[in-house]
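Contents: one structure, followed by commentary.
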Amino acid sequence: MCFFRRVDIKKAGMLCIVGMAALAMTACRTDNNLIVVENEEKRIVELFSPMEKSEAYVENTARSAADKTVMLAEEKLDVSVGYVTYTAEDYQDKTYDDVTLDRARNDMDDIYLLNPDTLRVLGEEGKLKDLSGLDCVKNLREVVIAANMVDGKLVGIPQEVVAYGLFINKDMFDQYGLALPETPDDFLECCRVFKENGIETPVGANRWWLETFVLAQAYADLYNGGNTEAEIAALNSGESKYSDYMRPGFEFLQEMIDKGYVDAEKALVSEAIEGEGAEFLARKTPIVMAYWGAANTDTAYGSPDFEMQVIGFPSSRGQMPVIPMTGFGVGINAEHGEDALAVLDVMLSDEALQIYAETNRVISPSKNVEVECVPALKPLHDKIHNNVYVLGSNAGMEVEQWGNTCLIVRELLGGASVDECMAQFDRLQEEALEKQR
Amino acid sequence: MLIGCKGEQRINVVGYQSGTEIKMRKKHDESRKDRGISLLVSIILVFLFLAIVVFSVSHKISREMAASATQNLNESLDLIKCTIEAILNKEAEYQRLMAQGIAEMEEPEEYIRKYKRSGTMMKIGLIRSGETEGVCSTGEVFTEEELDFSAGGTIDGLPVSQSYLNYMGTWAYCIKCPVVKDGREIAMLYIEYIYDSFDKSLPEGFYNKKAMLYIMDAETERFVLKPKGMGERSAGHLNLSDFYRANDIQEENLREDVDACLAENKNIMFYHDIRNKDSLNYMWSVNNGTLYLIGYVPIDAIQQEGRSVNQNILIVVAVMLIAFFLCCLIYYLNQRQQIKLRKEREEEREISNRRLAEALQAAQIASNSKTMFLSNMSHDIRTPMNAVLGFTTLLARDAENPDKVREYTKKIMASGQHLLSLINDILDVSKIESGKVVLNVEEFTLNDLVSSVDAIIRPMAAAREQKFYLEVAGIKHESLMGDETRINQILINLLSNAVKYTQTGGSIWLRIIGLKQRSNQFEHLRIEVQDNGYGMTPEYLETIFDAFTRAENSTTNKVQGTGLGMAITKNIIELMGGTIEVTSEVNKGSLFRVDLEFRIPEGQADKLFWEEKGISRILVADGDAGVCENMQALMENVEVEADPAQSLEEVLSLLKACEQAQKGYDVLLLGSNLPETDTLQAVKRIREEAGDALLILILAEHEEAGLENILQTENTGILMKPFFASAFKEKIREMRAEPTQTGEADGKDKNNLEGLYFLAAEDNEINAEILREILLFENARCEIVENGQIAVERFAESKEGEFDAILMDVQMPVMNGYDATRAIRALEREDARTIPIIAMTANAFAEDEREALHAGMNVHLAKPVDIDMLKKVIREYTKRE
């Protein structure tokens, strides 16, 4: 029979002719010679945030998660979010917090990603807008709101509840027959065993996160003893001393330093993860401390070749997660203040937080968002889920905790005695009381 | 002769042309094949060339577009560079003017303290010459300690510090400018600028925001600004080392080359994958190398236009290719259609030529046959005609001699009969060829058929001293439905040919064999006619069934015949739905085999007859077991039990057994061929055993003699082979002395026409005369009229009963016989409807007979009139009246 049906050939022929005609018409279309370019007024919002030193071909899950929410806001609001970043090249550089304070005080940007201490400082200085009017606020957990209230204003909202814990090499603990430590004494015993077995520095540290040991021991009873508000009130009134709470932790750190379980000199000049991360992943150090998200990101401890577990810091009440509240704040004189608030509202909406949590596998500040965590984080997750944790920062305390403790721990690392460190806390408390007066 | 030559020449030429044509066609096909291959190769080459050209053009465009894109990037970077340099130069220029203004001021420190920062200048400071501390716009003491001018960078001749993070948390640089008064440097003016101020003057991204751009402080290699909207979010951002690490630029050689270029203050570009994308990296010197523009752009982004152009080229090429292939396809289909049509036309022409050739050949054969036929007919007709005329002449001469007259008239009669048979055959062929033959299907018995054929052929064979054998086997039904006349004609044709073409003393066989029935309603018969005569050549066998052919050779050319017999036979057989085939060998004989099917009439078995005659059990004895079986089968149909025996002893023992059982046979059919037995003796012995009461019928061959004595014995008769139940029945009826239904013992007397008076309508005077004389001879009278009209009138005028019958010709002038009959029948008189009207016409076909009867005639007689038949018919109808 026929190779092609006649009808098919006709159809194909017609299609070709129509196609060619369309092409010809497209080609022959004459435009007006006058070219008018519209002035596109693009709405811009500037976001200041840190950015870690990146590795080639490595996906930063945490930043990818944040980027997704930013893109969601850009899409929904038709704005462009400009990234302004800063990362200290080394310890001699200004810290991110220093730069953040400078920039916020000089109204350089619209939105800032703030650590707890800067959040509190800027909040107290009145450099941040009150975010309590945003739609997303009604979805937030109470603890999140409480931790970020400064002078009756909600000055910061985080995208994740940042929980700090101990990242331990379970294989090494098993190797030496060690149980996971619950108390400071347990922890010191583990370090002793490791040290005796040739592990030169059982605890890897940097200049930022050693304070978590101190805070866990200092406030384990305060936050879990059922008398939190009264104890905080006593501290704020001067009836109780911060130094009394802090002393056990500092003495614990001092013992660690004295016994060589922590390399104080190295820690003092090390940036987060940069100093201790490589040795932890290389199985030279069995214990480091880091935030929840580090267990998810390839840039930190996302894919170790050993069994890793994340547990709470040792305290009198057992393993204790430390939760400092970071958050996004909006400059009080932000050039694009309204747009910044709108962007933040989208970035912190349930939809965005769901995306964020699913991407980064973290605890969401929204009570409506729950995601499964990675297995390594299970111990830490269970503690938090059972409301067993210590806040690393609390705007309700008159003395800022997170930043000050960090700085005073650095002094300890630098050679100051525990008493000298406690004197610092007393001074800070006095200043706070003076300010109140 | 000349025409013949021309014809031959033409045929030769045609033959030559045919051969040449084939060769030419082959050559043509080969050359077409060669042409096809070369065309294909050409097309491939053209396409190859086209592909190379397209690829080259595309590649060239890509290259040029890439070069152009690189140039564009170069220009864009230059533009950015120039913009930044312009800003720096303006800043320096403004600072100089400011220094000049300050030089004229009486209290410059006051001016400095009151200065409010602008978007560009964040703070200013002044240190008087010879001092290390000065004043600052921000209120604190200003010193140069925190500023690093050691790198020696300048802007428009003014020293510029290394980049540093200022009190606002942003990257800044400081330019210092001497304050000169009266040619003497009185102080140094320091102004801090921030890189962020560049941002507003730079484009809002380039290459659709796919390009990445940083501003790097060359001395510290710190990235001091990423203009907003410039590039992707994932990238090294801190310093050059971070940039290398983030983008996996780890090749030592490359980095050394880049470092060298940076050291020499050169602009550089290099290709390197950035996050798996082929990218063009650039490092562009600004302000004599104090700053660098660092970044990359994916190749895809800069070659977007080139890719688009290439895509468009590909679309155009694809469309052209599609159009080309479409054209090829259309051309191919068209060609195929043309070829198909051409082939069809050629085939048609060939078929037409072949048919023409065949028709020509057939016409030539027909012409030859007819020429030969005419020649034969001329001979065959002239021969008896010569005899007729010759003897007529002799008759006139010897009219006085009654013996001579009788002899001559006898010979004239024979010649006339022969002429008549010739004419009948010719008419038959004519009828068959014109499709006018209609079969007259009626019930007939094989016994009658065989008897009539036997009656005709046996004398013919005997005349040539040939033996004629008749064999019947396997027949289940002997009464069948068919056109007996035509079947008779078939048999007579085949057998008379066998007689004709078999030498004297030869043998001829007629076999009627019952084949396996295909249906209960039809008897399947095979008729075989075999002889051991001259036989036929294979060539002749091919044309034996064609009309106007006749086997002729030195042996048979004396045989008379029309040459139409076999054609007529085959046509009749085919008309009956049968087949005929022939095998023959020269000098050995021929065998014709005819297969026919006949419908079996319903209720044919005459069981009642046998019951009435009290015959329910017979004994059949024959030396041939097949004959016994045949008899058994035929008798089964009438529910008469037949036991077979093949020897006298067997017969006697069966008779004895029956006697003992007191269940005897009613009839014994005794074949004359029992082994080692004399029939007469056998009859005697049987009579001794079974007594005289047993009816014995001897089954005899025709040639057998000496059996007449048997007939003297009581209850003994002779039945001729082959055996048929109907013949058996007739014989029984005859022996039981019943008058037969067809007995015509005294028929001749009854056919006497004496005293009858006829009205005859006949336009031919001779025929009229013959008729009158014949009737006179029979002592009858007739009145002849010339046409039908007169016949009608004459009958109308006649008295009632005047005429005993009307003899009516059909073809007559004025009024034909049919119309005349209708007119007579329509007359209003008593005898108009009863008077016998007998058609006497040369229109001898069956349809003519039907037409005659339809017109109202009583009977139809074909001319020439058989006087005995005429007498019989007239007598029958007049007697009936």
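List of remarks:
- Chymotrypsin sites (Phe, Trp or Tyr not before Pro) within the stretch A:125-220: DSSP coil, no more than 11 neighbouring Cβ in 10 Å: none
- Placed amide H near B:Val179: partners under 5 Å, 5+ positions off or other chain: B:Ile186, B:Ala187, B:Met188, B:Leu189
- Calculation over all alpha carbon pairs of the protein assembly as shown in 20 angstrom steps from 0 returns a P(r) of 7, 20, 17, 8, 6, 9, 16, 13, 5, 0 percent.
- Crossing angle, helix A:402-414 versus chain A [Cα axis fit, 0-90 degrees, rounded to tens]: 60 degrees
- Within the shell defined by Cβ-Cβ distances under 13 Å, the residues around B:Ser590 carry a net charge of -1, with Lys and Arg each +1 and Asp and Glu each -1.
- Taking 0.36 nm per residue of sequence separation and removing the Cα-Cα distance, the B:Thr83/B:Leu97 pair yields an extension gain of 3.0 nm.
- Computed E for A:Glu351/A:Glu89 - FRET, C-beta separation, R0 30 angstrom, nearest 0.05: 0.20
- Kirkwood-based Rg to Rh ratio, the stretch A:288-371, C-alpha trace: 1.07
- A simple spin-label model places pseudo-atoms 7 Å from Cα toward Cβ; at A:Val36 and A:Ala282 they are separated by 6.6 nm.
- Computed from Cα positions, the angle between helix A:418-436 and the longest principal axis of chain A comes to roughly 70 degrees.
- Summing Lys and Arg as +1 and Asp and Glu as -1 over all other residues whose Cβ lies under 10 Å from the Cβ of B:Ala862 gives a net charge of -2.
- Qualifying lysines (Cα of each under 27 Å from Cα of A:Lys284; at least 8 residues distant if same chain): A:Lys53, A:Lys170, A:Lys195, A:Lys259, A:Lys266, A:Lys378
- Across the stretch A:379-392, coupling constants 3J(HN,Hα) worked out from phi with the 6.51/-1.76/1.60 Karplus curve, θ = phi - 60°, read x, 5, 4, 5, 4, 5, 4, 8, 6, 9, 6, 10, 7, x Hz, and Gly and Pro carry x.
- For chain B: rounded, prolate or oblate by the Cα gyration tensor [a/c cutoff 1.5]: prolate
- 0 to 90° range, to nearest 10: angle between helix A:61-77 axis and chain A longest Cα axis: 50 degrees
- Cross-link check: pairs A:Lys68/A:Lys383; B:Lys476/B:Lys729; A:Lys68/A:Lys127 evaluated at a Cα-Cα cut-off of 24 Å; pairs beyond the cut-off: A:Lys68/A:Lys383; A:Lys68/A:Lys127.
- Qualifying GluC sites (Glu not before Pro) for the stretch A:251-280 [loop in DSSP, other Cβ within 10 Å: at most 16]: A:Glu274
- Cut-off under 5 Å, modelled amide H: who pairs with B:Ile696 long-range: B:Leu668, B:Thr716, B:Gly717
- Among the trypsin sites (Lys or Arg not before Pro) in the stretch B:265-298, those placed in a DSSP loop whose Cβ has at most 15 other Cβ atoms within 10 Å are B:Lys266, B:Arg275.
- Of the DSSP H helices in chain B, those whose Cα atoms cover at least 24 Å axially and whose Kyte score averages -1.0 or more: B:2-104, B:304-397, B:402-433, B:446-463
- A simple count of charges around B:Ala92, restricted to other residues whose Cβ falls under 11 Å of its Cβ and scoring Lys, Arg +1 and Asp, Glu -1, yields -1.
- Amide H within-cut-off set for A:Ser80, under 5 Å, with H built and near neighbours excluded: A:Arg43, A:Ile44, A:Val45
- If you take the Cα centroid of the stretch B:117-134 and the Cα centroid of the stretch A:265-309, the two points sit 46 Å apart.
- Rounded Å value of the spacing that divides the Cα centres of the stretch B:490-507 and the stretch B:777-812: 46 Å
- Using C-alpha pairs under 8 Å with a sequence gap of at least 6, the mean separation divided by the residue count of chain B gives a relative contact order of 5 percent.
- Reachable lysines from B:Lys588, criterion Cα separation under 28 angstrom, eight or more residues apart if same chain: B:Lys467, B:Lys500, B:Lys558, B:Lys570, B:Lys721
- Estimated 222 nm signal from helices in chain B, with DSSP H stretches of n ≥ 4 weighted -39500 (n - 2.57), rounded to 500: -16500 deg cm²/dmol
Taken together, the values in this text are just the output of simple stated rules run on the coordinates, not laboratory data. The structure presented is a predicted model; accordingly, all values stated were derived computationally and were not measured. Counting neighbours? That spans all protein chains shown, and the Cβs are built from the backbone with ideal geometry, glycine included.
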